[in-house]
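Q: Before I ask anything, here is the structure I am working with.
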């Protein structure tokens, strides 16, 4: 057996004794509102969509993508651009949500409103339970403007809904600075 040259063993020794410099660690990617331009289905107007990705904190359908908050706004006009106008806000889950049918305040026929029961907690405040309007594909829920205001002011938001089997779907969002959304949508 040939003795290994000392030069080949030196890097191994440096690593073993901790003299080697560790690889620099990348800072975690900051959560930011992603901005994109969209056109409505009838192509009558263009709007701005602000999207914030979250994460699931409970077991969920592996086919579902990451949850997201989406806020749609009509851009302001003029120079300098005026503040935009709020259009809609949605919780995009990706999996089918449990729909409950709520009786309207004034009954006209047999129509009931499809809703999603949602519990959310902004920072360390108490849980709030609300019924948000269901999206047409049953994988999303429309966020009321008053609830959106509370969510945008928070640092962390935990949201729980139920999937179509009745299992809880828990999500968490780390909320970045909401100034771009506020400027683009005039939420307040």
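Q: Going residue by residue through the stretch 12-32, is there one that turns out to be modelled with pLDDT of 90 or more and either under 24 Å from residue 149 (Cβ atoms) or surrounded by 10 or more Cβ atoms within 10 Å (Cβ to Cβ) (or both)? Even if it seems obvious, please write down each step before you answer.
A: As a first pass, look at the stretch 12-32 and keep what is modelled with pLDDT of 90 or more: none.
For the stretch 12-32, residues modelled with pLDDT of 90 or more and either under 24 Å from residue 149 (Cβ atoms) or surrounded by 10 or more Cβ atoms within 10 Å (Cβ to Cβ) (or both): absent.
Q: Give the residues of the stretch 30-45 that are touching a strand residue (DSSP E or B) at 6+ places or on another chain (Cβ under 8 Å) and free of Cβ contacts under 8 Å to residues at least 12 places away in the same chain, sorted by residue number.
A: Hits for the stretch 30-45 are 39, 40.
Q: Could you identify the single residue in 91, 87 that is under 24 Å from residue 38 (Cα atoms), at pLDDT below 95 and either out of contact with any helix residue (DSSP H, G or I) (no Cβ under 7 Å at 6 or more places or on another chain) or in a loop (DSSP other than H, G, I, E, B) (or both)?
A: Result: 87 is the single residue among 91, 87 that is under 24 Å from residue 38 (Cα atoms), at pLDDT below 95 and either out of contact with any helix residue (DSSP H, G or I) (no Cβ under 7 Å at 6 or more places or on another chain) or in a loop (DSSP other than H, G, I, E, B) (or both).
Q: Could you check the stretch 116-188 for strands (runs of 3 or more DSSP E) lying wholly inside it with 3 or more residues that are surrounded by fewer than 18 Cβ atoms within 10 Å (Cβ to Cβ) and touching a residue at least 60 places away in the same chain (Cβ under 8 Å)? Let's see the steps before the verdict.
A: Details: elements: 128-133, 140-142, 156-162, 168-174.
Correct list: 168-174.
Q: Related question: Hey, can you tell me all the residues within the stretch 39-54 that are assigned to a strand (DSSP E or B) and at pLDDT 90 or above? I'd like the intermediate steps shown before the answer.
A: Residues of the stretch 39-54 assigned to a strand (DSSP E or B): 39, 46-53.
Within the stretch 39-54, 47, 48, 49, 50, 51, 52, 53 meet the criteria.
Q: Any idea which of (1) out of contact with any strand residue (DSSP E or B) (no Cβ under 8 Å at 6 or more places or on another chain); (2) at pLDDT 75 or above; (3) within 26 Å of residue 121 (Cα to Cα) is the one residue 57 doesn't satisfy?
A: Here residue 57 meets the rest and fails (1).
The values are calculated or read from the model by the stated rules, or taken from the named source; none is laboratory data. Computed from a predicted model, the values in this text were never measured in an experiment. Every residue, glycine among them, receives a Cβ derived from its backbone with ideal geometry; neighbour counts consider all protein chains shown.
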